Every structure is written in C-alpha cells, then in structure tokens.
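Written below as structure tokens is the structure these notes are about.
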Amino acid sequence: MFAFKIRNCVGENNTNPQIIKNLLVDYSNITTNLLEGELMLKKKVSLSVIRLDKIHSIISGNKLFKLNYFLEKINEQPIKKIISFGGAYSNHLVATAFACNQKNIDCIGIVRGEKPALLSQTLIQCSTYGMQLVFISRAEYEKKDEPDFIENLKTQFGDCLIIPEGGYHYLGAKGAAEIMNFINSDSTHICCATGTATTIAGLLMKATAHQKLIAFPVLKGMTDIENRISFLTNNQANLDQLHIENNYHFGGYAKKTPALIAFMNQLYQQYQLPTDFVYTAKMMFGVFDLIENDFFKPGSKITCIHTGGLQGNVSLPTNSLTF
C-alpha cells in the first residue's frame, strides 16, 4: 500500500485574483496530492496530482479556466446569450451552463447526435442549469465551424457569443494558461489529458524553458495536435517542449476497457484519488506506465493535472467503481 499526502498549493505561486473572481468558484479548494510508493522510489521520481477536480462539486477541472475570457468578453457586450457545442458527455457544456446560470446569461448547447431516449447525466445537469439543448445529426455537427453554419445559428437564435467546442479558441487557451499559476515551478514534466488541445496549448504558453509538457490524447487517431496548438496560441508556443503519447486512448473518446476501470478502482484504493474514465484516468494510466518503463529520468518531478469531469462516471454500470 502506498502512502498518501495532500498539501494545499494555493499561495505557493502568484495567482490572479481577477481569474478567481470571474470563475465564480473558491480556488482555495485546490490541493496537490503527492503520490508516494515503491514504484516512485525505485525509479527515483516525484509524482504529484494537481486537484482541479476539487474546485466545485459539479463544475470542476479545467473547463471554467477555459471559459474565463469568454465570460469577460460577454461582460463587455450588450449581448447576453452564449451558444456552444459538445457531445452527450461534454464537461464543457456543463461548465458553460453553470457559468451562464450564475451570470444570468441565456445559453444554448448544440449537441452532437440525435436526441436519445434517455439523456446522459451530463446533459441532465446542463438542463438543470437552464441550458437549452439542441440536438443535430453528426453530419451537421461536423459543419459547426463553417461560416454558413454559424450564420444560420445567429439567424435562428439571434445575436450571441459563439464559444467553440471545448473552448477551442485563443481565449480558451489563454484561460487555460492560468492553470500554471497553481503548478510548482520546479516541476520538470506536466501531464494532461487532451481533447481539443486547448488546455495543453495554454499550459505551453506559460511553461518555463525547463518544463516538458506531455499530452495524452483521449481520442483515437488524433494527429493534428501540433497544428491545433499553433492555431490556439498564435504560434506563441514552443512545440519542442511538447511530447505526445498516443497509446492511452483505450479505443477512443469515452471508450473504456475492464483494465481501465480496474486501474481507476486501484488508484482510488491506494491514493483516495477519484478519476473519470474519459480523461484523467487514461492520463494517469499512461503516466504510471511511462514511469514503469523508464520514460522519466531519475530526479524528474512529474505533475499531473486532474481536469475534473467526475460526473461522467454516473453513466457507468452500477457498481463499476468503488468510489
């Protein structure tokens, strides 16, 4: 059995009070978990997890960071309506719905796929926060970034602020960059699950020269991450600091295997660390595997980012998880 330590990281770095105010949450909840055990001792590495999942009981992780500058932008405009996009398990849509609820902003979620007979727990939460859900076919959804599609949305729903899926925009990456304020500056490796690549792009924007960023794509066949980062950062990120691990997607987005579920239960049993099967569990599985296979040099200080999304586990069969 491994030892488990928690320490509060707020105040160790220079946090931005404007970010804290805009995001409507208490960042004093963030802690850093130091995971200690035989593997780390044997390989002579340090492994920590930054617990962004503890920001809020429902809305947690990186999502509100990515929304921050969009919320700032809409505050400067007379328009008080937001439209964004996502699938049935989109943590981004939940965060958008929550933020709009708190700010008294109308919001519409364009959901990929036909409306199911039973809504996912994620979409139920979106509705609870007042988001109007609009379901479109997957073929139509693929057009979501095209100018004609956007114009049709504005014609149908009126003037609004469009937030791309997952906050995939320079403003989203700029907000995600603020996560670096909560990461110890002596970290040599920063690991993050990757969907749209918005968060990893933001982290690269603020990473210091000695830090390596490791992206763990949760989608199968995601081969355009570097291009995405260049777009999201206006070519401000140093791609030489980026390493991409494509071997831990477990079949693709929201896909899972018995091995992944077993790992999640073991991780909780040993460290009281809850993870979600869509993002963080895949990243953590990959990190432990890389440590075991000597990817990290002795003396490495590895920081993993828990990006939240725990509510997605409700969709798993009963008794799949022990937490």
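Sort GLU245, GLU165, GLU146 by heavy-atom solvent-accessible area, probe 1.4 angstrom, most to least.
Sorted descending by solvent-accessible area, the residues read GLU146, GLU165, GLU245.
What percent antiparallel are the DSSP beta bridges of the chain, to the nearest 5? Can you show the working numbers first?
Numbers: 10 of 42 bridges.
Antiparallel bridges: around 25 percent, rounded to the nearest 5.
Report the Cα centroid-to-centroid distance between the range 166-223 and the range 135-160 in angstrom, as an integer.
Spelled out, the Cα-based centre of one part sits 28 Å from the other.
Tell me, what is the per residue accessible area of the chain in Å², probe radius 1.4 Å?
Values: 14070 Å² over 323 residues.
Value returned for the chain: 44 Å² of accessible area per residue.
Dipole magnitude of the chain about its Cα centre, charges +1 at Lys/Arg Cβ and -1 at Asp/Glu Cβ only, in debye to the nearest 20?
Values: 30 positive and 27 negative charges, 97 e Å.
So the dipole magnitude of the chain works out to roughly 460 debye.
For the range 58-125 and the range 251-323, compute the distance between their C-alpha centroids and round to whole Å.
First find each Cα centre; the distance between them is then 25 Å.
Can you tell me which of 178-188, 81-91 comes out highest on packing, and rank the rest after it, using the mean Cβ neighbours within 10 Å?
Taking the mean over residues of other Cβ atoms within 10 Å, the ranking is 81-91, 178-188.
Would you be so kind as to identify which of ALA262, ALA201, PRO217 lies farthest towards the positive end of the dipole of the chain, taking Lys and Arg as +1 and Asp and Glu as -1 on Cβ and the Cα centre as origin?
ALA262
At 222 nm, what value in deg cm²/dmol follows for the chain if DSSP H runs of at least 4 each add -39500 (n - 2.57) and the sum is divided by all its residues, to the nearest 500?
On the way: 12 runs with 112 residues, N = 323.
Taking each H run of at least 4 residues, the total per residue is -10000 deg cm²/dmol.
Where the accessible area of the chain is counted over protein heavy atoms with a 1.4 Å probe, how much of it, in %, is carbon and sulfur? Intermediate results must be reported in sequence, preceding the final value.
Working: 6830 of 14070 Å².
Summing carbon and sulfur atoms, their accessible area is 49 percent of the total for the chain.
The values are calculated or read from the model by the stated rules, or taken from the named source; none is laboratory data. Given the structure is predicted, the values throughout are model-derived calculations rather than measurements. For neighbour counting, all protein chains shown are included, and Cβ atoms are generated from backbone atoms with ideal geometry for every residue, glycine included. Each accessible area value is taken on the protein alone, full model and side chains, heavy atoms only, with ligands, DNA and RNA left out. Shrake-Rupley method; radii C 1.70, N 1.55, O 1.52, S 1.80 Å.
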